[in-house]
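The values are calculated or read from the model by the stated rules, or taken from the named source; none is laboratory data. On a predicted model such as this, the values are computed, not experimentally measured, just so you know. Backbone-built Cβ (ideal geometry, glycine too); neighbour counts: all protein chains shown.
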Amino acid sequence: MSASGKRKEEVITFKAGEDLARALANMHNKSDFIRQAILAALGNACPVCSGSGSLTVSQMRHWMEFSEHHHVEACKDCNETRIVCDHEIAVE
């Protein structure tokens, strides 16, 4: 916080394609909508890559260690990808 106790806000801009710009054009409060959408997306970012879509060399090393006792599979209920601990399977 600044010395006056108020939070300092920063203006961030981005390019939008024609379709996105048209969709946002008639929104009452574009800024609030965009803020909420970004916060929601950040809450759903991959905990390993933080949403970048790729792993660093160190992250990959950690993933390889982790995957020695875990595997990725499709959920039988929702068909979404999930990580399964191999030790839990052995207990079932």
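Just a few scattered comments:
- Some residue of region 14-36 being surrounded by 10 or more Cβ atoms within 10 Å (Cβ to Cβ), at pLDDT 95 or above, assigned to a helix (DSSP H, G or I) and charged (D, E, K, R): no
- Scope region 12-59; condition closer than 30 Å to Ile83 by Cα and in contact with a Leu (Cβ under 7 Å, 6 or more places away or on another chain); matching residues: Val48, Cys49
- The residues in region 55-76 that are in a helix (DSSP H, G or I) and of a type in the set (Asp, Glu) can be counted, and the count is 1.
- Just one residue in the set Asp32, Asp86, Asp19, Asp77 is charged (D, E, K, R) and in contact with a strand residue (DSSP E or B) (Cβ under 7 Å, 6 or more places away or on another chain); that residue is Asp86.
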